[in-house]
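Novice: Below are the structure tokens for one structure; questions will follow.
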Amino acid sequence: MFRPAIRRLFGIVALAGIGMPPAALAVDAAAIAHAGNGRGAAPCMACHGADGAGQAAADNPRLAGLDAAYLRKQLDDFASGTRSNPVMQPMATALSEDERHAMATYYSQLPLAMKPATALPAPDSAGAVLATRGDWSRGVPGCVQCHGPGGSGVGANFPPLAGQPASYIEAQLKAWQEGTRHNDPLQLMQHLSAALSAQDIESVAAWFAAQPVPVAETAP
Amino acid sequence: MKYVLAAFAFACGLTACTQKPAPAPAPATAAPVPKAVAAAPAPTTFSPPAESAIPAGPLGDVIRQGRDIFTDTPTHAKAYVGNGLSCSNCHLDAGRQANSAPLWGAYGVYPQYRKKNGKVNTFGERLQGCFRFSMNGKAPPLDSAEMVALETYAWWMATGAPVGKKLPGAGYPKAGFKPPQPPDYARGETVFRNNCALCHGDDGLGRQVAGRNVFPPLWGPQSFNWGAGMHQLDNAAAFIKANMPFSRGNTLSDQDAWDVAMYMDAHERPQDPRFDGSVGETRRKYHDTPMSLYGTEVQGHLLGSPTGMH
């Protein structure tokens, strides 16, 4: 009677010690999203929207429903300077590592509001062709060949493009192209963006921004 | 394993690894990275008509149907596909890409005698082989709508190409492509982890979204079977060298391409449909080449053994 109770107590203490570090327990991701962390990190929703869907007018990306490992890497990269951005670097630095990881989990689990397709460009438009088939004569694969049908996103390395503001997609493609963003695996994005014209970037960003969320199961 | 490597070194010293050497001139070697490609004029390969040039009307409709089957085979030729792969997984850019066994390079060189089945094959019969082995499915009848559409698409893509002539960029660039050292499983595993797992997964089983492959499985029950051309090391190495990592072709060293081809082809996959109950006999009849690891032991496992894949 006595010994099992001790053992159980011991087990609980050990579990708490290993599985849940006290700092992680203390992070209230929803509170940080709404009010900041009080140590320099502003409320995420001020720029990324109350529902995490982003703000097209300010190039601010959608976060809701993105892969947790992807978000975590981006926040860690902002904090370490591997990904540069004048707004996000100070924010990520002001978050502790536990807070960054908690925010990544929080936004990955936030459901993105359904969005109907808006004025979808024609399947043979320049943006649609580039998005779905690419231009292999320039070494450019179709975006959806890695980012998934309709830009749904695939795992931790190929984030969704559907539901991202066109302005954000354009800004990132230009950043890959200019080398100001360079945290891509195998340099895939730096490499292919080099072959894109400004017109290509604009038309392909418009195609993804017009996709419905969630993407249609039959999306190309 | 030792047997295979020894046999490999031996055979490569004698002939082009028992594969009929491709008579083509050196392929557009070391195609530089796309930036340079964009800048380089005078392509040395055949240029198929632009997709926007597919005509309107009933003929164009069948060409488009063929293209759709080619790029999303499980959806458009469901009855004949056993594994969820699409033709375009190994024939990039919807069958247009040079050095990725483009359709325009294949159409004009059939009918052709093939050692694989010991007879003259029409282009349609060659396509049937793709379904039976690479798609691990069953051959569509030659007069089926699917086969007519695929043949029509290939015929259209070869518009203006000579008949009976192997074009530069046809097939995979195997001619003269040899490994500096015999391919090695352990080195291949390292190449795989560093360059391939990002898309194909640590387990090599690809990535699926809503039940569709985004990145195809390289082995396992949903990949090509032991009868497919890609299970041969020379085919896989040449394809990988020219086309992988996806959009970054010609960036791996020759050795890396051979090593990772061996790593891929040393994994278990669906049985050869010609299997007659004995791995040894099936190897003797259909895989008697150092380019095939079927029926050999790698990492303590006899490849092709009926209980090999779970």
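Novice: Go through the stretch B:98-123 and count every residue that is of a type outside the set (Lys, Arg) and within 25 Å of residue B:271 (Cβ to Cβ). Spell out the reasoning first.
Specialist: As a first pass, look at the stretch B:98-123 and keep what is of a type outside the set (Lys, Arg): B:98-113, B:117-118, B:120-123.
Narrowing the set further to residues that are within 25 Å of residue B:271 (Cβ to Cβ) leaves B:101, B:117-118, B:121.
Of the residues in that region, 4 qualify.
Novice: Here's a follow-up. For the stretch B:156-212, give me the residue count where each residue is within 14 Å of another protein chain (Cβ to nearest Cβ) and modelled with pLDDT of 95 or more.
Specialist: Residues of the stretch B:156-212 within 14 Å of another protein chain (Cβ to nearest Cβ): B:157, B:169, B:191-203, B:205-212.
The next check asks that each one be modelled with pLDDT of 95 or more; those that pass are B:157, B:169, B:191-203, B:205-208.
Here the count works out to 19.
Novice: Search the stretch B:100-109 for residues being of a type in the set (A, V, I, L, M, F, W, C) and either over 16 Å from the mean Cα position of the chain (by Cα) or assigned to a helix (DSSP H, G or I) (or both), and hand back the single one that is farthest from the other protein chains (Cβ to nearest Cβ).
Specialist: Taking the stretch B:100-109 and keeping what is of a type in the set (A, V, I, L, M, F, W, C), we get B:101, B:103-104, B:106, B:109.
Those still in the list that are either over 16 Å from the mean Cα position of the chain (by Cα) or assigned to a helix (DSSP H, G or I) (or both) too: B:103-104, B:106, B:109.
Numbers: B:103: 14, B:104: 13, B:106: 17, B:109: 22 Å.
Checking each candidate, the answer is B:109.
Residue-by-condition table, conditions (1) touching a Pro at 6+ places or on another chain (Cβ under 9 Å); (2) among the hydrophobic types (A, V, I, L, M, F, W, C); (3) over 12 Å from residue B:195 (Cβ atoms):
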| residue | (1), (2), (3) |
| --- | --- |
| B:254 | yes, no, yes |
| B:263 | yes, no, no |
| B:269 | yes, no, yes |
| B:276 | no, no, yes |
| B:284 | no, no, yes |
| B:288 | no, no, yes |
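Novice: So is residue B:116 farther than 17 Å from residue B:65 by Cβ, of a type outside the set (Val, Ile, Thr) and not assigned by TED's automatic domain parsing to the domain that holds residue B:235 or not?
Specialist: Numbers: farther than 17 Å from residue B:65 by Cβ: yes; of a type outside the set (Val, Ile, Thr): yes; not assigned by TED's automatic domain parsing to the domain that holds residue B:235: yes.
Spelling it out, residue B:116 is indeed farther than 17 Å from residue B:65 by Cβ, of a type outside the set (Val, Ile, Thr) and not assigned by TED's automatic domain parsing to the domain that holds residue B:235.
Novice: Would you point out the residue of the stretch A:169-185, among those that are of a type outside the set (A, V, I, L, M, F, W, C) and over 17 Å from residue A:130 (Cα atoms), that is surrounded by the most Cβ atoms within 10 Å (Cβ to Cβ)? Outline the logic, then answer.
Specialist: Going residue by residue through the stretch A:169-185, those that are of a type outside the set (A, V, I, L, M, F, W, C) are A:170, A:172, A:174, A:177-185.
Narrowing the set further to residues that are over 17 Å from residue A:130 (Cα atoms) leaves A:178-185.
Working: A:178: 12, A:179: 10, A:180: 13, A:181: 21, A:182: 15, A:183: 16, A:184: 15, A:185: 14.
The extreme case among them is A:181.
Novice: Something else about it: Of the numbered conditions (1) assigned to a loop (DSSP other than H, G, I, E, B); (2) crowded, with 21+ Cβ neighbours inside 10 Å, residue B:251 satisfies every one except a single condition; which is it?
Specialist: (2)
Novice: On the basis of being within 13 Å of chain A (Cβ to nearest Cβ), among the small types (Gly, Ala, Ser) and out of contact with any Leu (no Cβ under 7 Å at 6 or more places or on another chain), does residue B:242 make the cut?
Specialist: Details: within 13 Å of chain A (Cβ to nearest Cβ): yes; among the small types (Gly, Ala, Ser): yes; out of contact with any Leu (no Cβ under 7 Å at 6 or more places or on another chain): yes.
When the stated conditions are applied, residue B:242 passes them.
Novice: Restricting attention to the stretch B:145-169, report how many residues are within 29 Å of residue B:220 (Cα to Cα) and over 18 Å from the mean Cα position of the chain (by Cα).
Specialist: Step one: of the stretch B:145-169, the residues within 29 Å of residue B:220 (Cα to Cα) are B:146-147, B:150.
Then drop every residue that is not over 18 Å from the mean Cα position of the chain (by Cα), which leaves B:146-147.
Residues that pass the stated criteria total 2.
Okay, residues lined up against (1) in a helix (DSSP H, G or I); (2) under 25 Å from residue B:184 (Cβ atoms); (3) within 14 Å of another protein chain (Cβ to nearest Cβ); (4) hydroxyl-bearing (Ser, Thr, Tyr):
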position: B:218; (1), (2), (3), (4): no, yes, no, no
position: B:238; (1), (2), (3), (4): yes, yes, no, no
position: B:247; (1), (2), (3), (4): no, no, yes, yes
position: B:257; (1), (2), (3), (4): yes, yes, no, no
position: B:307; (1), (2), (3), (4): no, no, no, yes
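Novice: Let me ask another. Condition first: closer than 16 Å to residue B:102 by Cα and touching a residue at least 60 places away in the same chain (Cβ under 8 Å). Now tell me which residues in the stretch B:140-159 satisfy that.
Specialist: B:150, B:151, B:152, B:153, B:154, B:156, B:157, B:158, B:159
Novice: Please enumerate the residues belonging to the stretch B:273-290 that are over 16 Å from residue B:115 (Cβ atoms), in contact with a helix residue (DSSP H, G or I) (Cβ under 8 Å, 6 or more places away or on another chain) and surrounded by 12 or more Cβ atoms within 10 Å (Cβ to Cβ).
Specialist: B:273, B:275
Novice: Moving to a separate point now. Could you look through the stretch A:155-168, keep only residues that are surrounded by fewer than 22 Cβ atoms within 10 Å (Cβ to Cβ) and hydrophobic (A, V, I, L, M, F, W, C), and pick out the one that is nearest to the chain's Cα centre (by Cα)?
Specialist: So the residue we want is A:156.
Novice: Could you check the stretch A:189-215 and list, in sequence order, the residues that are facing another protein chain (nearest Cβ under 10 Å), buried (at least 22 other Cβ atoms within 10 Å of the Cβ) and touching a residue at least 60 places away in the same chain (Cβ under 8 Å)?
Specialist: Across the stretch A:189-215, the qualifying residue is only A:215.
Novice: A further question follows. So which residues in the stretch A:121-154 are more than 10 Å from chain B (Cβ to nearest Cβ) and under 23 Å from the mean Cα position of the chain (by Cα), if there are any at all? Don't jump to the end; show me each part of the working.
Specialist: In the first step, residues of the stretch A:121-154 are kept if they are more than 10 Å from chain B (Cβ to nearest Cβ); the result is A:121-123, A:125-128, A:130-131, A:143, A:151.
Within the stretch A:121-154, A:127, A:128, A:130, A:131, A:143, A:151 meet the criteria.
The values are calculated or read from the model by the stated rules, or taken from the named source; none is laboratory data. None of these values were measured; they are calculated from a predicted model. Neighbour counts run over all protein chains shown; Cβ positions are idealised from the backbone, glycine included.
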